[in-house]
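First comes the structure, then the notes that go with it.
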Amino acid sequence: MSDKDIQKSYEHSAERMRGDNKTFAADLTDKDYNDPLRHEDIHDRVKIDYDKIDKMPGMEEVHKWQREHIAKGDQSKEGYPLNVIIDPAMREMYQAVHDAGMTNVFDRFSQQQPTQCKFCIEGLSCQLCANGPCRISKNAPRGVCGVDAHTMVSRNFVYRHVTIGTSANIFHCHQAARTLKAAGQHPESGLKIRDPEKLKKYADMAGLDANQPIEKLAVQFADWVIDDIHSPYHIESKTVEAFAPTKRKELWRQLGLFPGGGYSEVAYAQTRCMTNFNSDPVEFLLNSVRLGIANEYQGLFLLDIVQEILMGTQEIAMKQQNMGLLKEGMINVITNGHMPLLAHVAIDLASTDKWQQKAKDAGADGIQILGHVCEGQQLINYEGTHNQKGYGGQEGEWLSQEYLLATGVIDLFMFDYNCTVPTMPLFAKRFGTKLLSTHPVIKLQGTDTLDFVPEKMQEQAEKALEMAIESFKKRKAENRKTYIPPHVSDCMVGFSTESVRNALGGSFQPLIEQIANGNIRGIATIVGCTTARYGQGGSNIFKITQGLIKNNILVLSGGCTSSVMEYTGLTNPKAADECGEGLKAVCKQLGIPPVLTYGACVDIGKMTHTAKELADALNVDTNKLPLVIGAPEYLEQKAVADACTAVALGWLVHVAPVPSITGSDVVVKTLTETTETLGLGKVVVEMDAEKTIQIYVDHIEKKRKELGLN
C-alpha cells in the first residue's frame, strides 16, 4: 500500500466513524494552526494599530470605574468581552489584538458558542473506549458498555479532573525537592538555602536529625519527600502523618481515606477509571477526597515549604503590579507558570553588576525579570527575590498573556509547567518575543526547551539571559512599533502563616480575639483562576470579594484571583474604607488591606497551614472554623483537586462555573450533602455573585454559633 493509499484509508476510516463523507479537519487551513512555520505572512496579515485603542484613565479613576461598572450587574453576553474585562491594561491590549483580527482568548470563547456540548458540561459524555463516544440521555440512559449516568459522571470527575490536578501538584513538589537536593549537593548550581531554620523545623517534624550540616540536611529532607511521593498506595504517607491535623487523620483512617504515596495513588485511581472496572459512584467520589489529601500534603503544602527554604519566606511589603512596569528601554524578561525554580536563579544573576552591564553593552538601560500568573505571585512574595535589582514586579493573570506579548516589548517569555497557552508561538512570531520552555514537561511548537537539571541551574539561567539580550538587540534593530499600557497598581503582598503571625506579635491570639468579638466575622479564601466566561473574566471575583469585606469577612487570595485583587485596589490598605465597620477598624489599626494575598494557587497550602494553626489555637478540628473556601472562577484540574483537599479538611467549598457533575443527582447529593454527614466538607455551586455572598455569610455565621461566638 502506497503512502497515498494509506492517507486515503485514514480519511475514509474517519468518515466512516463520523457517518458522513467529510471530517471537520478538512475545512481547516494553515491559519487555523499554532505552528509558527505556517504563519510566515503573519507580519503582513496582522496589522496592529495602537493609536485606535480607547485608553483608560489613571488608576484612581480606574478604581472608581471598576466599582461603578460591577454595581450595574451588566457582565452578561451583551457587550462581551469588554464588559467583563476590568483590568485596565488588558482592556487596552484586547482592543489592539481584536481589531487586528488576531486569535485571542476572549474571542475564542465567543467562537465556541453555542457549540459547547451540554452533555460534556453535565459530565454525561464518555470517550474511554472505542464503542464511544457515548452520551447519556432519556432515550439512551446507558453507554454501550452499560454504564449509567451516576457512574459516568463520577468517573469523569475523577479521571478528567482530580487525578490530573493531584498529579500536577505532586509533580511540582517533586521538582522542588529535586532542586533542594541539588542546592545541598552542588553549590556551583547557583541555588541557595535561604531559610535554613525552616529546613531544620520541618526536617525535625519529619523525624530527621536536624543537628547536622545544613547541606546534608537538605539532601536528607529532599530524599524523604521524594521517597514518600514514590511509596506504594497501600503504605500510609509519612508526610500526611507528619503534617496533617491529628483529629483529621483519625477520621481519614476511619473512612479509609488516608493516602499512600502520591504517584501510586494517582495510578490506582486512574486504573479504577478504566472501562468496565469500578461502577460505584460514591466510591469514585471518596477516592477523590483521598486524592485531595495527597494533593495537599505531598503537593501543595510541601512544595510551598521547599520553595520557601530555597527562596525565602514571605515578607509583608508594598510592591507593584501590571503592564506599566514594562520599560521600552529595558530588556524585559517574563517568567510564566508555577515553578519559579530557574527564575529565582535568573533573578540572582540579573541583579549583579555583571549582567546589568551586559544589558547596557547591548544598548539597553538594564535588564529586569517580571513574573506572570502564579509564578509572578510567588516571586512578588518571597523576600529572597522581590527586593533584588533584577526583579521588576508582577504582571497579571493567565488571561492577559497574549495581550502582554502584544505590547511588543517582551524580549524573552520563559515558562514552566501550567498556564502557557498554545497560541503563544503565534504571538511570539508576530511581536518578536523569544519563547523558552524551562522544563520538558511543557513544549510548544517551534520553541526552544531546556531540560530541567537543577544541578546546572546557573548555567541554564545564563543561557536564558543571553537569549533575552539577543532578542532585545533584534527588537532595537528592527525598530518595531510598541505600546505599553501605563497602568500600575500599588499592593501589599507577602502574607503567609509566618508573616501574619509575626505581624501579630508572634501569636494568632490577636486575630482570634477579633474573630471572637465579631469585628471579623470569619475568613474566606478566594482562590484559583479567572475564566473567559460571560459574567466572569475577573468581574465575578471582584464583586464577591467586595460583598464579603462589606460583611466584615477577611479575605485571603491565591492564584490569578490575586491579580484581580491587585488591579482593583483591594490589596491596598486604602481599601479598608470599603469594609464593614468591624473589619475596617481592624485593617486601619494594623495598616493592612482587607484582602491578604498569599500569592499563587499553589500557595493554598499556606492557607491550610494557617487554618490548622488557628484550629490548634482554638483546640478544635479544622471543620469547626468560621471559614469558607471559594473558587468563583475556577478553570482547570488543579482547582478541582484543591476543592477535594478542602472537602477532606471539612470546609464548605464554593465552585463556579459549575463543574461537570450536574448530570447525576447521586453525585450532586454526595458532594453537597453526604460528605458533610461523614465529618468532611461539602461543595456548593452557585454562579450568581449576590447569592454566593449570602451563602458565605450564612455558613460563617453557622460556624460562629457552633463555636459559641454569637
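The values are calculated or read from the model by the stated rules, or taken from the named source; none is laboratory data. Keep in mind the model is a prediction, meaning the values are calculated, not measured. Note that each Cβ is placed from the backbone with ideal geometry, even for glycine, and that neighbours are counted across all protein chains shown.
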Answer from ALA176, ALA149 - the residue that is among the aliphatic types (A, V, I, L, M) and under 20 Å from the mean Cα position of the chain (by Cα): ALA176
In the range 617-648, residue nearest to THR313 (Cα to Cα) [restricted to those that are surrounded by fewer than 24 Cβ atoms within 10 Å (Cβ to Cβ) and of a type outside the set (A, V, I, L, M, F, W, C)]: THR622
Complete set of residues in the range 399-446 that are small (Gly, Ala, Ser) and in contact with a helix residue (DSSP H, G or I) (Cβ under 6 Å, 6 or more places away or on another chain): SER400, ALA406, GLY408, GLY432, GLY446
The lone exception for VAL667 - which of (1) assigned to a helix (DSSP H, G or I); (2) within 27 Å of ILE512 (Cβ to Cβ); (3) among the β-branched types (Val, Ile, Thr) it fails: (2)
Residue match in the range 296-315 (condition: among the aromatic types (Phe, Trp, Tyr) and in a loop (DSSP other than H, G, I, E, B)): no
Selection from the range 305-335 of residues that are under 30 Å from ILE86 (Cβ atoms), in contact with a His (Cβ under 8 Å, 6 or more places away or on another chain) and surrounded by 24 or more Cβ atoms within 10 Å (Cβ to Cβ): ASN322, MET323, ILE334, THR335
Unmet requirement for LYS574, which otherwise passes all of (1) touching a residue at least 40 places away in the same chain (Cβ under 8 Å); (2) over 24 Å from the mean Cα position of the chain (by Cα): (1)
Qualifying residue in the range 272-285 (condition: within 27 Å of ALA615 (Cβ to Cβ), at pLDDT 95 or above and under 27 Å from the mean Cα position of the chain (by Cα)): yes
Residue, nearest to the chain's Cα centre (by Cα), within the range 617-642, restricted to residues that are of a type in the set (Asp, Glu) and not in a helix (DSSP H, G or I): GLU636
Pick from the range 589-616, criterion touching a residue at least 24 places away in the same chain (Cβ under 8 Å) and assigned to a loop (DSSP other than H, G, I, E, B), ranking: surrounded by the fewest Cβ atoms within 10 Å (Cβ to Cβ): ILE592
Criterion: of a type outside the set (D, E, K, R), surrounded by fewer than 20 Cβ atoms within 10 Å (Cβ to Cβ) and either assigned by TED's automatic domain parsing to the domain that holds LYS181 or at positive phi (or both) - qualifying residue of ASN387, ASN479: ASN479
Residues that are under 12 Å from CYS273 (Cα atoms) and either touching a residue at least 40 places away in the same chain (Cβ under 8 Å) or touching a Phe, Trp or Tyr at 6+ places or on another chain (Cβ under 7 Å) (or both), drawn from the range 125-146: LEU128, CYS129
Tabulated pairs, the range 649-662, first crowded, with 24+ Cβ neighbours inside 10 Å, second basic (Lys, Arg), C-beta under 7 angstrom, 6+ apart or interchain: LEU649/ARG248; LEU652/LYS682
Answer residue from the range 420-449, given it is surrounded by 17 or more Cβ atoms within 10 Å (Cβ to Cβ) and among the hydroxyl-bearing types (Ser, Thr, Tyr) and is farthest from VAL105 (Cα to Cα) among those: THR438
Flag if LEU465 is crowded, with 19+ Cβ neighbours inside 10 Å, more than 20 Å from the chain's Cα centre (by Cα) and over 28 Å from LYS31 (Cβ atoms): yes
Elements of type helices (runs of 4 or more DSSP H) contained in the range 114-193, each with 1 or more residues being touching an Asp or Glu at 6+ places or on another chain (Cβ under 6 Å): 163-185
Residues satisfying the stated conditions in the range 62-113, i.e. in a helix (DSSP H, G or I), in contact (Cβ under 8 Å) with a residue 12 or more places away in the chain and of a type in the set (Gly, Ala, Ser): ALA89, ALA96, SER110
